[in-house]
Amino acid sequence: MTTQVTKINPAVTQNRETRTAERKFLQKGILKSLSHIRSGDGVVCTSGILWITQQNDSDDHILYPGDKFTAKHGGRVVLQSMSDKATWDFSNN
């Protein structure tokens, strides 16, 4: 199955709770689990390389700076940096 990746301007995204810009950091080898994902929510890679997988989705997704992953359905999403450090933003639908 082919992964659809959308290029966007990662300058500003919004955090669901505060509605303000929020950038996250991941060191290589560290897993980050997001359990609050809803259909249409997204993760934007702003630097480095991110690996993403979603519960009940057999596809793995690799994001480079500017790429966006959009959740097909609600459920847990797991992120891991494939580079020494990666930054990402969360965008909600």
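We did not get these values from a lab; they are worked out from the coordinates using the rules stated. Note that the structure is predicted; figures quoted are calculated from it, not measured. All Cβ positions, glycine included, derive from the backbone under ideal geometry; neighbour counts span all protein chains shown.
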Scalar couplings 3J(HN,Hα) for the range 39-52 by Karplus 6.51 cos²θ - 1.76 cosθ + 1.60 (θ = phi - 60°), nearest whole Hz, x for Gly and Pro, are 3, x, 5, x, 10, 10, 7, 9, 7, x, 10, 10, 9, 9
Listed with the fewest Cβ neighbours within 10 Å leading, His61, His36 appear as His36, His61
Counting sequence-distant residues (5 or more places) and residues on other chains, those with an amide H built under 5 Å from that of Ile37 are Gly75, Val77
So, with points 7 Å from each Cα along the Cβ direction, the Ser39-Asp57 label distance in nm works out to 1.3 nm
Here the FRET efficiency for Lys28 versus Lys72, based on Cβ atoms and R0 = 35 Å and rounded to 0.05, is 0.85
Given backbone amide H placed at 1.01 Å from N, residues whose amide H is under 5 Å from that of Ser91, ignoring those fewer than 5 places away on the same chain, are Gly42, Val43, Val44
